[in-house]
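Chemist: Following this message is one structure expressed as structure tokens.
The values are calculated or read from the model by the stated rules, or taken from the named source; none is laboratory data. Worth saying up front: this structure is predicted, and the values here are computed from it rather than measured. Here Cβ is always computed from backbone atoms with ideal geometry, including for glycine, and neighbour counts include all displayed protein chains.
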Amino acid sequence: MTGEHRIGQKRRGLKVPEGISWLPFLLPALVFYLMFMAWPLLDSLRLSLYTGSAGIGRTFVGLDNFKRLFTIEQYSQRYWGAFGHTLYFFLICMAVQNALGILFANLITNEKLQARSFYQTVIFIPVTFAVLVTGYLWKLLLNPVWSGPVFQKLGLGILVRPWLGEASTALTSVALVSCWQWIGIPTMMFVAALRNISVDFFEAANIEGANSRQVFWHIKLPLIMPVVGMITILTFVSNFNAFDVVFAMENANGAPNYATDLIGTLFYRVGIAGQHPVGIPDPGLGAAIATITFFVLCLGVIPTLKATQGRG
């Protein structure tokens, strides 16, 4: 038996069956997902049924953590306040970030626009900045001590106010900064979706005499609706897990007077850092907050997927 024949036999012996030929490529990602996403999620659900910590011992309390969260005023007031702020944060991002993303993408994909690559780069550059750096820079720009003289010289004295120091404007300011930083992601996703539309649709619309507005509302938007749904889901999930932008521009207490307190900052204070005035972390109560957030996300994500995905 020749050497080449023996090598051929070995190769045939190691051949993966065609039905599961994809398995070796999937295994690394599957192991990573199970270890760092699925298992922590399941363990968080389990932890929400206990009180205490690993160091001093845990006690099974069932649904008592959820009961405390909604019946004790100290916790329920903070939770519903953070929930309302997070929902408002999400609505601002949907109305500003994603709406402008569609607008910018529609302009970038216009063949008549010159230097389209330049505009794509300008829009996407903020995404590459670290959130802490972005938050700190905007905190300086929104500080009237730093920006006040510049606005006064430009005749924009009406803009000189402590945007991050007033409860009525702090959360909106933080949300708009988040929109400014992340608007590049939905823009590029919409650009890819619009460029994937067959030119036959546009040629037919041109023959029928449709203008640019009619083309957008009756051709482009319906055809990219699956992408709109996916971006809505990504925005919803990221906003209900937002923490870093508030931490960078305000602090973990959601200053001023909890006006910028989100679900993420509330979870951090309760489950990790310890809620004032006690200052002792309560992992069980924090896990209860995370568990409720998980089910809220499911209630928002699943209907959106059914409504937007799989459309022709």
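Residues checked against (1) more than 22 Å from Gln77 (Cβ to Cβ); (2) free of Cβ contacts under 8 Å to residues at least 60 places away in the same chain:
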| site | (1), (2) |
| --- | --- |
| Ile207 | yes, yes |
| Ser212 | yes, yes |
| Lys220 | yes, no |
| Phe243 | no, yes |
| Asn251 | no, yes |
| Asp261 | no, no |
| Gly300 | yes, no |
| Pro303 | yes, yes |
| Gln309 | yes, no |
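Chemist: Can you find a residue in segment 46-56 that is part of a helix (DSSP H, G or I) and either of a type in the set (A, V, I, L, M, F, W, C) or more than 17 Å from the chain's Cα centre (by Cα) (or both)?
Modeler: yes
Chemist: Do any helices (runs of 4 or more DSSP H) entirely within segment 201-254 hold 2 or more residues that are surrounded by fewer than 16 Cβ atoms within 10 Å (Cβ to Cβ), and if so, which? If you could, list the steps in order and put the result at the bottom.
Modeler: Numbers: elements: 212-215, 225-239, 244-249.
So the answer is 212-215, 225-239.
This table checks each residue for (1) among the small types (Gly, Ala, Ser); (2) buried (at least 16 other Cβ atoms within 10 Å of the Cβ); (3) in contact with a Ser or Thr (Cβ under 7 Å, 6 or more places away or on another chain); (4) more than 19 Å from Val96 (Cβ to Cβ).
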{"site": "Trp138", "(1), (2), (3), (4)": "no, yes, no, no"}
{"site": "Leu142", "(1), (2), (3), (4)": "no, yes, yes, no"}
{"site": "Ser147", "(1), (2), (3), (4)": "yes, yes, no, yes"}
{"site": "Gln152", "(1), (2), (3), (4)": "no, no, no, yes"}
{"site": "Leu156", "(1), (2), (3), (4)": "no, no, no, yes"}
{"site": "Trp163", "(1), (2), (3), (4)": "no, yes, yes, no"}
{"site": "Glu166", "(1), (2), (3), (4)": "no, no, no, yes"}
{"site": "Ala170", "(1), (2), (3), (4)": "yes, yes, yes, no"}
{"site": "Val174", "(1), (2), (3), (4)": "no, yes, yes, no"}
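Chemist: Taking interchain pairs and intrachain pairs at least six residues apart, which have beta carbon atoms under 9 angstrom, with the first residue in segment 148-168 and within 28 Å of Asn257 (Cβ to Cβ) and the second basic (Lys, Arg) and assigned to a helix (DSSP H, G or I)?
Modeler: The qualifying pairs are Leu164/Lys139.
Chemist: Any residue that is modelled with pLDDT of 90 or more and of a type in the set (Gly, Ala, Ser) - is there at least one of those in segment 153-166?
Modeler: Yes: segment 153-166 contains one or more residues that are modelled with pLDDT of 90 or more and of a type in the set (Gly, Ala, Ser).
Chemist: Filtering segment 80-124 down to residues that are among the aromatic types (Phe, Trp, Tyr) and crowded, with 19+ Cβ neighbours inside 10 Å, which residue is farthest from Thr304 (Cα to Cα)?
Modeler: Phe104
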